[in-house]
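Values quoted throughout were computed directly from the atomic coordinates according to the rules given, and no laboratory measurement underlies them. In this text, all values refer to a predicted model and were calculated from it rather than measured experimentally. Reconstructed Cβ throughout: ideal geometry from the backbone, glycine too, with neighbour counts over all protein chains shown.
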Amino acid sequence: MKRAAFVWSVTYLTIIIGLFFAVSKWFDARSFVPETPEPAPLNHFSYDKPETKFSLSRYQRLLNGELFFEKEPELVTVIPFQSQLKILGIISGKNSRAIVGLNGDPTNTTWIVKPGDQVAGEQIVAIGSNYIKVKNSSGEGKVEYVK
């Protein structure tokens, strides 16, 4: 008998707790007031044409009308590198130097130069084992040492 009384008391207690929970939720639902949401930011639409994200160089000939209409190709003239300097000797080492002269100079004037020096309007860029790099008005190139 004690066991049956215990089972019924647990059952009543569970029902009472359930009813209390249901009534409290019902009162919460009756008094619920929703919070006012924050308004979304306005859209700022731009009527400007967007910049292209991809390179159109692939289609440049088509945009110029070259593929549908004959267009004369532009001739590009490449001026080969020319230098007035000739190498008379190279001094190798930690600080390389070169002995240079001018082609066709009757006085045979020579200069000992290092990278960064200028001779007759030509700048010495670098000195290698058997050449010097020279930069002048026709571009940048190598002058070979011929023994």
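Give the Cα extents of segment 85-144 along the principal axes, in whole Å, largest first.
32, 25, 18
By how many nm would the segment from LYS114 to SER57 lengthen if fully extended, with 0.36 nm per residue of separation less the alpha-carbon distance?
Length gained between LYS114 and SER57: 16.3 nm.
Counting only pairs 8 or more residues apart or on different chains, how many lysine pairs in the chain have their Cα atoms under 28 Å apart?
Lysine pairs satisfying the spacing and distance rule in the chain number 18.
Once phi is turned into ³J(HN,Hα) by the Karplus curve 6.51 cos²θ - 1.76 cosθ + 1.60 with θ = phi - 60°, what whole-Hz value does each residue of segment 82-87 show in order, with x for glycine and proline?
Each residue of segment 82-87 in turn: 10, 10, 8, 7, 10, 8 Hz.
Within a 10 angstrom radius of the beta carbon, how do ASP117, ASP28 rank from fewest other beta carbons to most?
ASP28, ASP117
Choose one of ILE16, PHE32, ALA5: the residue whose Cα lies farthest towards the positive end of the charge dipole of the chain (beta-carbon charges +1 Lys, Arg; -1 Asp, Glu; about the Cα centre).
After comparing all options, I get ALA5.
Label ALA126 and LEU75 with points 7 Å out from Cα along Cα→Cβ: what is the distance between them in nm?
3.5 nm
Scan around VAL119 for amide H atoms under 5 Å from its own, H built in the peptide plane at 1.01 Å from N, and keep only partners 5 or more places away or cross-chain.
ILE124
So what's the angle, to the nearest 10 degrees on a 0 to 90 scale, between helix 2-30 and the longest Cα principal axis of the chain?
Once rounded, one gets 60 degrees.
Could you tell me the relative contact order of the chain? Use alpha-carbon pairs under 8 Å, at least six residues apart, and round to a whole percent.
13 percent
In bins 10 Å wide, starting from 0, what share of all Cα pairs of the chain does each bin hold, as a percent?
Calculated P(r), rounded to whole percents: 8, 17, 9, 7, 10, 9, 6, 5, 5, 8, 9, 5, 2, 0.
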